[in-house]
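Reading through the structure tokens given below for one structure.
Since every read-out is calculated from the coordinates, none of them should be taken as a lab result. Values in this document were obtained by computation on a predicted structure and should not be read as measured data. Counting neighbours? That spans all protein chains shown, and the Cβs are built from the backbone with ideal geometry, glycine included.
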Amino acid sequence: DQHLFSSIEISAVANLSKYSSQGLGNIAWAYAVANVAAPSLFSDLFINACLENENKFSVEDLRQLYQWQLWQEESKSNIALHPSLQEKCH
């Protein structure tokens, strides 16, 4: 898993601004479930992309982001969703 997700990370970072709200939720959820850290992907750029799509997330997307947020907290990461998005995830 680590090798696969590391190779995806490079492309994902380069194309982050092109992801839809569903794509953002999917990629966050996939890394959380695989338990693979990706600091270059899950950075301020990711958080900003999520904020730009804040009103486009479906209930399912928000559930995926919530799982990602819990994973970030569990791994004691310094990255977190914006409070307005965290509120929508509950």
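Between the DSSP loop rule and a limit of at most 13 other Cβ atoms within 10 Å, which trypsin sites (Lys or Arg not before Pro) in the chain are left?
LYS76
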- Mind jotting down the three principal axis lengths of the chain based on Cα atoms? Whole angstrom, largest first. 33, 28, 21
- Message: Just to verify a number: FRET efficiency for GLU52 and ASN26, C-beta to C-beta distance, R0 = 25 Å, to 0.05?
- Response: 0.95
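Assuming 0.36 nm per residue, please report the length gained on full extension of the stretch GLN67 to LYS18 beyond their Cα-Cα distance.
Length gained, GLN67 through LYS18: 15.4 nm.
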- Query: Roughly speaking, what is the stretch gain from ASP44 to SER77, that is 0.36 nm per residue apart minus the C-alpha to C-alpha distance, in nm to one decimal?
  - Reply: 10.6 nm
- With springs connecting C-alpha atoms under 10 Å apart, model the chain as a Gaussian network and identify which of ASN53, ASN26, ASN78 has the largest mean-square fluctuation. ASN78
